[in-house]
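One structure below.
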Amino acid sequence: MPTAIAVTSPELVLPSPDRHTPTAVALKSAGQSPKAYSLDQALTEMHQLIEYHGYVIVLCPASAPQAVRHRLHAIRSVLESDRIAFVRSELPPLGLSVLALQLRQLSVCDFSPGVLASAARLLSHYIYAGALLGSVARLDRVPVTLRSHTKSWVPGTQFAVLAAPRTAMVKATREAVLPPPEFGTKLLYAPGQLDPAWVTDTLADVWQAQGAVDVPLPAESARWWATGKLVEFAAAIPDISVLYQLVSSVRREDCHWCGLELIGDRCAFCAAPLLPPSERVAAAPEVTTGARALLPRGAT
């Protein structure tokens, strides 16, 4: 069976685009309080996943409550298993959903569990995640200028905010432009209490998106963006063959601690750093020039 991709909430599970892509596992142990779901139940849940899939990759938002993170680490510690990888991500909720979908798509390919888990960091650099907001007065996850704070109190003002792979903010008008992806993407958007027209018309056109798809808004989105007046969006590479090429282009190493393959500078399963030959500086995995050339072109 493919390596299991797990998330901390059912709302982070996007529909499978085809019959080959497995769904993600929404961990009950992460979505319910310790009183509602005991540690014994959580251990049983994870043990069954390991027995069935062999390895489990858990995507956990960096914004998740401490209780959730502590519970996940307690499960791994009690099971004494090196087959569970916890991957924390700074992506906003919809962007994390897209990342989970991409890992699900790649899980049916010939990548080993270690490569698949460490690929999460690489793929995050190719997900453009942001939101259309009715206010940035309480936003603290993206730098906000004093001028933007002041404008956010003017009725009807909307802001387009990019949180990843870099941060940017503009007043949302027909002439406003957020930095576009330099490769072809598909746009997913999740409406909250705002009209999505600016996202589906202006943004999709400027970004030359290969279609715009309406998806449900994750419950965590309003807390992450500090307002319910929003439309969250995420643009990402939809072609699995391109995703496969991106991951395949990165040099693979063997973890000196657990023996699993990895890409980048740290094992996602045991967290051991990659040993030198010559003291390596921690950095994001590099993609070869040839692989970059294979990216479908979008807006430039």
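The values are calculated or read from the model by the stated rules, or taken from the named source; none is laboratory data. Because the structure is predicted, anything quoted here is derived from the model rather than measured. Virtual Cβ from ideal backbone geometry, glycine too; neighbours counted across all protein chains shown. Remember, those area values only see protein heavy atoms, side chains included, never the ligands or the DNA or RNA. Shrake-Rupley method; radii C 1.70, N 1.55, O 1.52, S 1.80 Å.
Structure notes:
- Some residue of the stretch 27-46 being among the β-branched types (Val, Ile, Thr), surrounded by fewer than 16 Cβ atoms within 10 Å (Cβ to Cβ) and within 22 Å of Asp110 (Cα to Cα): no
- Looking only at residues of the stretch 165-205 that are free of Cβ contacts under 8 Å to residues at least 60 places away in the same chain, of a type in the set (Ser, Thr, Tyr) and in a loop (DSSP other than H, G, I, E, B), we find that the one that is farthest from Glu220 (Cα to Cα) is Thr173.
- Unique match (being more than 20 Å from Leu101 (Cα to Cα), open to solvent by 40 Å² or more (accessible area, probe 1.4 Å), at pLDDT below 95 and of a type in the set (D, E, K, R)) among Arg19, Arg71, Arg76: Arg76
- Residue within the stretch 52-69 that is on the phi > 0 side of the Ramachandran plot and touching a residue at least 40 places away in the same chain (Cβ under 8 Å) present: yes
For (1) modelled with pLDDT under 95; (2) under 24 Å from Pro15 (Cβ atoms), each residue gets a yes or a no:
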{"position": "Pro143", "(1), (2)": "yes, no"}
{"position": "Val154", "(1), (2)": "yes, no"}
{"position": "Pro165", "(1), (2)": "no, no"}
{"position": "Met169", "(1), (2)": "yes, no"}
{"position": "Pro179", "(1), (2)": "yes, no"}
{"position": "Val199", "(1), (2)": "no, yes"}
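- Single unsatisfied condition, Leu99 versus (1) open to solvent by less than 10 Å² (accessible area, probe 1.4 Å); (2) in contact with a strand residue (DSSP E or B) (Cβ under 7 Å, 6 or more places away or on another chain); (3) under 13 Å from Glu220 (Cβ atoms): (3)
- Residue selection: Glu90 fails the criterion of being farther than 30 Å from Leu162 by Cβ, surrounded by fewer than 21 Cβ atoms within 10 Å (Cβ to Cβ), modelled with pLDDT of 95 or more and not hydrophobic (A, V, I, L, M, F, W, C).
- Residues in the stretch 52-68 that are closer than 18 Å to Ala117 by Cα and open to solvent by 30 Å² or more (accessible area, probe 1.4 Å) were compared, and the one that is nearest to the chain's Cα centre (by Cα) is Tyr55.
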